[in-house]
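K.L.:
After the C-alpha cells below, expect a handful of questions from me.
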Amino acid sequence: MAQAHYQILFLEDSPVDRVLYSRFLSQDTLATYEITEAKSGLEGLTKLAESQPDLILLDYQLQDMNGLEFLNQLQLQLSSPQIPVIILTGIRDEKIAVQAMENGVQDYIVKDKITPQGLCRAIHEVLEETRMMKNMQTLYIPIEQAELYRNLRKLNASLEKKVQKLTEELAVSESKYRAIFNQKFQFTGLLDLEGMVLELNQASLEFTGLQMADLINRPIWEVYGWQISQATQDQLKHAIARAAQGEFISYEVEVQGIDNQILTIDFSIGPLRNDAGEVVMLISEGRDITEAKLNEAKCKQAEATLKFQAQILEEIHDAVITTDINGIIQSWNLGAENYYGYTAAEMIGQSVSILYLDPVELQTNIMSTLLAKGRHEVEVATCRSKSGDIVYINLRLSVIRDNHGNITHIVGCSHDITKQQAAIKERNDILKQEQAARKQVEAANQIKDEFLAVVSHELRTPLNSILGWASLLKKGKLKPEETDKALSIIERNAKLQVYLINDLLDMSRIYQGKGTLKVSSVNLATIISAVSETLFLAPKTKKIQIQTIIEANIGPVAGDPVRLQQILWNLLSNAVKFTPHGGQIEVRLECVGFDAQITVSDTGKGISPEFLPYIFDYFRQEDSSTTREFGGLGLGLAIARNLAELHGGTIQADSPGLGQGATFTFRLPLMNANSENADYPQPQDGYLA
C-alpha cells in the first residue's frame, strides 16, 4: 500500500522542538511529510503566501505573536477554504484551548504529552476530518432559487441519492478508519470511562494472543500482559481514572509478552470528547520501545565510554592530535595545548602543517610513508609553538580505517623531547669545545716545539761560527788579514747572539709583567731616521728602495725612545727580511686625529688570510721553513705589539694575500701641544695580552 504524502507548514521558534517533532513525523509508517519550517509568525505567513500546505503545526507562543493572533492574520490572508491547524503548546490553559477551537483550530496538543504516535495520529485524524468536511460541503446544493412545489419530486429523488451517496461515503470512511485503526503497528484501544475494553486493534490482539470476543467489556488491566504485577495494574487503574477526568497520561511501563518476554511499552491514555466537550470514551495507545531502550542504553554506554576515553586523553601529558586525511585537525587534547600553546578552539579545523618548521617534509616524506604503511615514527621532529619557541618532539603516527578499509583519520601522539635535545646539543657543544681546546693545546705544543727547535738552530749557528774561528785563532796559523776577518766574524756573530738573547729576555719580562718604560718626550721623525741609518746596509745589499715620507709639524709623543726604536726596527727589519731583491719599502709618518701614525708598507711575500689573525702571537710561525729560510726567532712582531700597548698605542697588520706585500700600522697618542711641561705617562707593567 502506497504511503500518503503531505505538506506541513511548521511554525516553531525552538530549534530543539523543531528537530524533535520532525523526528516524530519521520517515524510515521502511514505517510511521508514535506516540512517547511518557520521561526516566527511573520515568516510563516510569508511562506504561506508562497505555497498552500495540507496542514499547519503552530506553536502557540512565537517570538512575534501568539497562536490566536496568528489565526486572525491567517483568516485575513486566506481567500481559499480554511487550512487545518493543530496548536502545540506548553501551557495547560483550557480557556486558551476553547478560544483556539472557536478560531477554527482542529486540535490542541500539550507539548509534554506529545508522543510520536500521538502526533502522527492527530495529524491523520485532522486531515481525514478536513477531507470529509470538504466532501460534505460538495454535497450541499443550493435550493433557495428553486420552486419548491414544482421540483419537490425531483428534490426528493435528489435527496435520496445524496443520502445514499453519503451513506456509501460514510461506509468508505468507516472502512478507511477501520483499516487505519487495525493496520497501526502500535497497540491501540478504545475504552469506556471505567476502563472496560470497547475495541482493540489488530496489533493489540496479536500481542495478547486472544480474539476480540474474549476481551470486549473486560477491564483492560486484566488483559494478558498487564497482569505482570499488582503495581502495574494499580498504575493503569490510576491512569484510567485521571484520563476519565480529561487528562492525557503518558508513561513507560514493563509488560509481559506472549512468550514471557518482558517488554517496555511507551503507553499513553487520553479522553475522547463529544461536541459538548464531555469525555465519552478513552483511547489508549502503546508502542513497543524495548529495542529502542536497549539501543538507548547502548548509546549511553558508548557515550560514557567515549567520555571516559576523552578524560583519559585529557589526562595524558603527551600531545594527541587527530586529523583527517588532508591534515585538518579534528581533535586536540590538553597535552597538545600544553606543548604548543594553542587551545582546541584555535586549532580544530586548522591544518596541522602550521605546527611544523618544514611542512614540505611533513607532506612529502612523513605523510606518504604513513599512508603507505599505516604507521610511522619520527624520532625527532621540529615544531614551533604559538609563542614562537622551538619544540622538539618524538612523533608516532597511525591511521584509522572505516569498515571498508579506507583511511579516514590520522592519529598523532607526540612526546616533548625539547629538554633532551637541549642536553644533547649542550653535550655536543661541550665536546666541540673540548676538541677545539685540545687542538689549540696541541697546536700550542707544536708551536713551542718548533720554537725550541728554531731557538736551538738560531743560537747554534753563530756559536758554531765563533767556535770555528776561535779554534783557528788559537792555533796561530792565520795570516794577519785572515786574523782580522776571523775577529770581525766572531764579533758579528756575538752581536747576533746578544740580539737573540735580548729578544728572549724581552719576551720573558713581558710574560712576567716586569717590562718598564723610561718615558720622555720623543720626536718620531728622529726615531725613523736612526732606524733607517742602522738598517742601511741590508736593503742596499738586496737593492731594496726605502722611501721615507714624514708629514711636517708632527708633535712629540710620550714614550721610551729605546723601546720605540726597537718597535720600528722590528717592523722595518721584518719588511726588509721578507721583501725580495729589487723590492720597495715605504715608511710614512703622519697625524691621524689625535694620534701619530707610522705605516711600514712593503712589496714582499705578504701574509695569508688564514695566518693574518695570528701574526702578532708568540710561538706562531706561518711555517717552520719560513723561519729557517729567513732566520730569526719570530718574536719581533709579538714584542713590538706588547711594547706598543705598553705605550698606550696600537699596532696592526694588513695584507691582500701571499705575494702581494704587507702593511704594518703603528699608532701612538700625541702629547698636548699647548703644554711643553705636560706630565709624561708613567711606566706600565708589561704583560702578554
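Just so you know, all these numbers are worked out from the coordinates, no wet-lab data involved. Not measured: the values here are computed from a predicted model. Note that we place each Cβ from the backbone using ideal geometry, even for glycine, and neighbour counts take in every protein chain shown.
K.L.:
Ordered by residue, what ³J(HN,Hα) values in Hz, to whole numbers, does region 333-338 give under the Karplus form 6.51 cos²θ - 1.76 cosθ + 1.60, where θ = phi - 60° and Gly and Pro are x?
P.N.:
After applying 6.51 cos²θ - 1.76 cosθ + 1.60, I find 8, 5, x, 5, 4, 5 Hz.
K.L.:
Arrange the peptides 411-419, 256-264 so that the one whose residues have, on average, the most other Cβ atoms within 10 Å appears first.
P.N.:
Answer by packing, highest mean first, reads 411-419, 256-264.
K.L.:
Along region 282-299, what does the Karplus equation 6.51 cos²θ - 1.76 cosθ + 1.60 (θ = phi - 60°) give for ³J(HN,Hα), rounded to whole Hz, x for Gly and Pro?
P.N.:
10, 10, 10, 8, x, 10, 6, 10, 4, 5, 4, 5, 4, 5, 4, 5, 5, 4
K.L.:
While we're here: Return the subset of K111/K237; K386/K425; K298/K386; K111/K293; K293/K373; K307/K419 for which the Cα-Cα distance in this structure is over 30 Å, preserving the input order.
P.N.:
Exceeds cut-off: K298/K386; K293/K373; K307/K419.
K.L.:
So, one more: Stretch Q99-K542 to full length: gain in nm at 0.36 nm per residue minus the Cα-Cα span?
P.N.:
146.2 nm
K.L.:
Determine, for each peptide in 556-566, 375-385, the mean count of other beta carbons within 10 angstrom over its residues, then list the peptides with the highest first.
P.N.:
My ranking of the peptides, most packed first, is 556-566, 375-385.
K.L.:
If you don't mind, there's one more thing I want to ask. Quick one: dipole size for region 514-669, taken about the Cα centre, charges +1 on Lys/Arg Cβ and -1 on Asp/Glu Cβ, in debye to the nearest 20.
P.N.:
Values: 13 positive and 14 negative charges, 85 e Å.
Roughly 400 debye, rounded to the nearest 20.
K.L.:
If you build the Cα gyration tensor of region 184-315 and take the root of 5 times each eigenvalue, what three semi-axes come out, in whole angstrom, biggest first?
P.N.:
Details: eigenvalues 247, 67, 30 Å².
Rounded to whole Å, the semi-axes are 35, 18, 12.
K.L.:
In whole Å, what is the distance between the alpha-carbon centres of region 1-64 and region 551-582?
P.N.:
Here the answer is 109 Å between Cα centres.
K.L.:
In terms of Cα to Cα distance under 18 Å, which aspartates and glutamates are near enough to K439, apart from those fewer than 8 places away along the same chain?
P.N.:
Once the sequence-local aspartates and glutamates are set aside, what remains near K439 is D429, D449, E450, E610, D617, E622, D623.
K.L.:
Within 10 Å, count the other beta carbons around each residue, average over each peptide in 61-69, 85-93, and list them highest first.
P.N.:
85-93, 61-69
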